[in-house]
1. Might you check whether a residue that is within 9 Å of the ligand (Cβ to nearest atom), aliphatic (A, V, I, L, M) and closer than 28 Å to Ile119 by Cα occurs anywhere in region 245-252?
2. Given the conditions (1) within 19 Å of Gly185 (Cβ to Cβ); (2) touching a residue at least 24 places away in the same chain (Cβ under 8 Å), report the number of the one that Tyr154 does not fulfil.
3. Would a scan of region 232-252 turn up a residue that is crowded, with 18+ Cβ neighbours inside 10 Å and part of a loop (DSSP other than H, G, I, E, B)?
4. Being under 27 Å from Leu103 (Cα atoms), within 11 Å of the ligand (Cβ to nearest atom) and in contact (Cβ under 8 Å) with a residue 40 or more places away in the chain is the requirement here; does Leu165 meet it?
5. Looking only at region 214-228, which residues are within 7 Å of the ligand (Cβ to nearest atom) and either in a strand (DSSP E or B) or among the hydroxyl-bearing types (Ser, Thr, Tyr) (or both)?
6. Mind listing just one residue for me: the one in region 169-183 that is within 17 Å of the chain's Cα centre (by Cα) and in contact (Cβ under 8 Å) with a residue 40 or more places away in the chain and, of those, farthest from the ligand (Cβ to nearest atom)?
7. Among what's in region 253-272 and is within 10 Å of the ligand (Cβ to nearest atom) and of a type in the set (A, V, I, L, M), pick the residue that is farthest from Glu203 (Cα to Cα).
8. Regarding Val36, is this residue within 16 Å of the ligand (Cβ to nearest atom), within 24 Å of Gln259 (Cα to Cα) and either in contact with a helix residue (DSSP H, G or I) (Cβ under 9 Å, 6 or more places away or on another chain) or in contact (Cβ under 8 Å) with a residue 24 or more places away in the chain (or both)?
Amino acid sequence: MLSALSKGFFLYLSKNKMLNRAAKKWGLKLGASQVVAGNSIEMMVGKVRELNERGLLCTLDHLGEFVNSKEEAESATAAAIQTLEAIAKEGLNSHLSVKMTQLGVDIDREFCVQNMRRILETARKYGNFVRIDMEDYSHYKVTLEILQHLRESYPNVGTVIQAYLRCAEEDMRQLQGVPLRLVKGAYKESPKVAFQSKKEIDENFIKLIKLHLLSGSYTAVATHDHQIIAQVISFVEEQSISRNQFEFQMLYGFRTEMQQNLANEGYKMRIYVPYGNDWFAYYMRRLAERPQNVSFALKGLLLK
Ligand code: FDA
């Protein structure tokens, strides 16, 4: 039974190069279309417009990670720029999210920074904001260094801090004033660097959210966890923190009713909208996070 498969197994699949390559040719399969907003710009525009009309903000991710050549990284950069142009041309209310491995950090760090500069120049031209997603721990330090470097020239860039990392609090303190997305963390990390129990991760998550909010910095709370969301809502009310200083974020296709309710209650609610052909690793991580998500895959198989 698929649902009995472990987190480790799906994370292992997510990194399998052969499957990732093959999946690019399959189209959206295995139920992935429920959590990926299509594989073309046209489909993505339709989905984002629909979300915007319902009062939901977006951040777009043109899917892709762990590229092997400069050509692939250049084409990912071009796709990111094209996404920013589509957002402006179509009048969509959306930011952009990118990954450093997608832009070639494993091939050549300076080349990746140059790609990021091109993306940020385009974002600046259109008055938009770009978030660097945080990947596995082996890319953590380099991502923070690149972020700090880019922040010297571009105030329109931010990143993500993962609450499962033991160093998260210390690193977040160095990032005061930087707009951060705070998450629990999606990768399998060693106990040396990351908390392993839900209790420890949740406690650190809520602690980081409160600290970042109290520092006056803009905070994106990215979670589907209703208990964390309820705690954040009581905290901001208690501390009279303005609704303009934070937003909630959820992934496309997850807890859609709660997304809509929060937006209707007047909270800023941003949906992370992935699109494109390179959906396999993203989808496997979602299956790893929550065994119940496997029902998407089962439905996908049945609907074939
Ligand atoms: P978690 O999975 O811990 O669930 C807590 C509880 O919430 C569950 O026990 C259940 O009760 C309820 N729940 C959760 N999902 C539900 C559902 N679909 N339906 C019903 N109930 C549900 N990670 C990373 O490492 N780097 C990154 O850059 C990002 N970026 C990112 C952006 C956005 C917008 C989001 C929402 C998440 C990320 N993540 C991420 C992923 C993040 O680190 C984390 O792995 C997932 O969000 C899962 O953790 P949650 O906090 O959502 O709740």
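1. yes
2. (1)
3. yes
4. Numbers: under 27 Å from Leu103 (Cα atoms): yes; within 11 Å of the ligand (Cβ to nearest atom): yes; in contact (Cβ under 8 Å) with a residue 40 or more places away in the chain: no.
Taking the combined requirement at face value, the residue does not satisfy it.
5. Ala222, Thr223 - these are the residues of region 214-228 that are within 7 Å of the ligand (Cβ to nearest atom) and either in a strand (DSSP E or B) or among the hydroxyl-bearing types (Ser, Thr, Tyr) (or both).
6. Pro179
7. Ile271
8. On the way: within 16 Å of the ligand (Cβ to nearest atom): yes; within 24 Å of Gln259 (Cα to Cα): yes; either in contact with a helix residue (DSSP H, G or I) (Cβ under 9 Å, 6 or more places away or on another chain) or in contact (Cβ under 8 Å) with a residue 24 or more places away in the chain (or both): yes.
So Val36 passes the test.
Throughout, read-outs are computed from the coordinates displayed, never taken from laboratory work. Note that the coordinates shown come from a computational prediction; the quantities given were computed from them, not determined experimentally. When we count neighbours, we look across all protein chains shown, and the Cβ atoms used for this are built from the backbone with ideal geometry, even at glycine.
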